[in-house]
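Reading through the structure tokens given below for one structure.
The values are calculated or read from the model by the stated rules, or taken from the named source; none is laboratory data. Being a predicted model, the structure only gives us computed values, none of them experimental. For neighbour counting, all protein chains shown are included, and Cβ atoms are generated from backbone atoms with ideal geometry for every residue, glycine included. Protein only, heavy atoms only, side chains kept; ligands, DNA and RNA dropped before computing areas. Shrake-Rupley method; radii C 1.70, N 1.55, O 1.52, S 1.80 Å.
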Amino acid sequence: MAVSKEKLERGRKVLEVTTPPEGGWGWMIVAGCFLATICIRAVTRCVSMFFVEFQLHFGKDYSTTAWIHSLVDSTTMLCAPLGSFLGNRLSCRSTVILGGLLSSTGLVLSSFASCLEHLYISMGIITGLGFALSYTPAVAMVGGYFRERKALAYGIALSGNGIGTFVLAPAVQLLIELYSWRGALLVLGGFVSNLCVCGALMRPLVPRGGKRLQGKNESNLEKDCTTTMLDTKDTQKEPTLGETKLSRPENGSTIDDFKTVEFMNMKNKAADIKPQTEVSGLIEKKNLDPHVLGDSSPSTEALLNTKTPSKGRFVCLQSTQDFGFLLLPDFLFLSVSLLFLAYGCSTPVVYLVPYALSVGVGYQQAAFLMSIFGVSGIVGNITFGWISDRKYLKKYRMLTYMVAIGMEGLCCMCLPLFNSFSFLVAFCILYGYFDGAYVALIPVVTSDVVGSNYLTCALGVVYFLHAAPYLVSPPIGGWFVDKTGNYTATFFISGTSFMISSVVLAAGMLVKHCQRKRSNSASAQHSLI
């Protein structure tokens with residue numbers, strides 16, 4: 001799906017089209033996003049390796065200690081729209097580099113912590129903010145370079161989550177044993193600075209098929225229009241005897257230019273009169289879209305492209321265009337589903353290692369469980385990404401995403417029954433596989449719902465919706481552990497949240513199907529009349 005931009009040059013509307021190259025430098029973007037995912041999501045997962053160390057060092061309970069991981073995750077997601085905003089206004093490259101500097105600084109400061117409150121600020125807020133600035137622009141850049149192989153590209157890029165967990169989990173445990181948790185955090189701070197390298201790879205996609213305006217402001221445009229009108233009057237005069245009609249233009253007549261300017265002025269006046277009508281009609285038009293929930297639809301982007309060059313309304317309408325997808329029914333169902341999903345997926349990662357230690361698994365074996373979880377996630381990323389790109393399965397992407405979420409919920413509910421290392425290995429394989437599947441499909445499904453043009457802003461909103469559940473779910477899970485003395489209630493609630501997330505999407509698809517049938521029947525009756 002080509003990304004288009006409109007500009008004015010000498011009174012004419014010039015269309016710039018940015019076509020996804022489906023490769024080339026796009027694979028370097030994938031590599032940069034891959035490394036960024038390791039530095040952000042894998043490092044965030046490995047914070048759970050410090051859980052017991054923090055608890056023993058500061059002498060706090062489960063719920064209080066869990067706030068560290070909660071703040072890292074929630075700040076990353078809460079500030080995701082900020083990453084989208086800066087990525088659009090500045091550049092993805094600058095935003096990712098800035099995020100790398102912030103997150104590295106936060107981890108280095110965390111190594112000098114003297115209390116949990118220090119870690120709340122340095123690791124939870126500063127590091128989380130840096131991760132937010134880097135993650136959303138890096139993920140969105142992949143969607144700009146790929147269309148046909150988008151799911152596969154995202155599968156490879158986001159597999160850094162699993163590969164990073166596989167490598168970092170035992171490495172972090174070894175660093176803790178050799179240098180204590182302070183030295184391990186210091187090393188992680190240096191490692192995360194590689195986000196600056198990732199940002200350097202984020203080269204913007206160059207528009208094709210159009211012209212660029214250089215040094216053309218509004219005053220120059222008005223002068224051009226005035227000159228064109230005067231020239232037109234001169235050329236329209238009837239030639240006297242002995243005179244010949246002027247033919248000054250070389251490439252097309254000036255009269256055509258005047259007609260172009262006049263047409264655009266009339267169009268701008270109409271846009272100024274009815275900007276609110278176009279925006280208010282957006283939802284109604286979207287409801288009549290016959291596509292299934294989650295299917296990519298060119299009409300979605302066409303409906304959201306309601307630009308008007310009116311100077312007074314430019315900033316307001318630009319914001320409306322950036323976030324005009326928020327009230328689309330498809331996106332509303334996806335948003336509600338993501339709230340339940342975010343609550344369910346955070347708790348198992350935080351408490352997997354503590355739970356394994358509580359049933360008699362050793363420290364190195366617990367770290368190995370995280371590695372298995374990571375490797376299985378890699379397989380899920382790539383296989384589901386490849387499958388979802390098949391032509392005959394593209395329209396079932398949303399259904400595939402729902403199945404992955406439902407299976408994660410089932411695995412999570414069964415986790416309290418696994419009380420040995422071998423059973424926990426089986427859990428990590430299954431849970432990690434479907435975790436990798438849904439992680440790779442979130443950007444793809446979001447792009448299918450809102451379109452490629454709005455992917456950066458939409459991903460910012462999607463990750464923002466993760467913030468509140470990420471913040472409260474680990475402390476709530478820790479509270480249940482403190483009160484009951486076991487992990488059964490914690491994991492059961494997480495599994496139920498996964499199931500509800502899948503049911504919400506199923507309800508959205510059912511509503512969409514009913515609306516489509518009603519629309520088709522109404523169209524059939526209208527055609528008969």
- Based on Cβ point charges of +1 for Lys and Arg and -1 for Asp and Glu, what charge dipole magnitude is obtained for the range 365-505 about its Cα centre, in debye rounded to the nearest 20? 360 debye
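If R₀ is 25 angstrom, what is the calculated FRET efficiency for the pair Ser114 and Asp61, using the beta carbon separation as r and rounding to 0.05?
Details: r = 19 Å, r/R0 = 0.76.
Efficiency for this residue pair is about 0.85.
Tell me, in nm to one decimal, what length is gained between Gln364 and Leu90 on full extension, where the rule is 0.36 nm per residue of separation less the Cα-Cα distance? Each step should come with its number before you reach the end.
Numbers: separation 274, 0.36 × 274 = 98.64 nm, distance 4.41 nm.
Result: 94.2 nm gained on full extension.
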- Please work out how much length the chain gains when fully extended from Leu174 to Val379, using 0.36 nm per residue of separation minus the C-alpha to C-alpha distance, in nm with one decimal. 71.3 nm
- Once the whole set of protein chains is in place, how much accessible area is left on Glu148, using a 1.4 Å probe, in Å² to the nearest 10? 80 Å²
- Task: Please list Arg397, Arg149 in order of solvent-accessible area, largest first, computed with a 1.4 Å probe with all protein chains present.
- Result: Arg149, Arg397
- Taking 0.36 nm per residue of separation and subtracting the Cα-Cα distance, what length does fully extending Val511 through Leu332 add? 63.2 nm
- Residues in the range 32-52 near a label at Arg203, defined as backbone nitrogen under 15 Å from the 7 Å Cα→Cβ point? 32-33
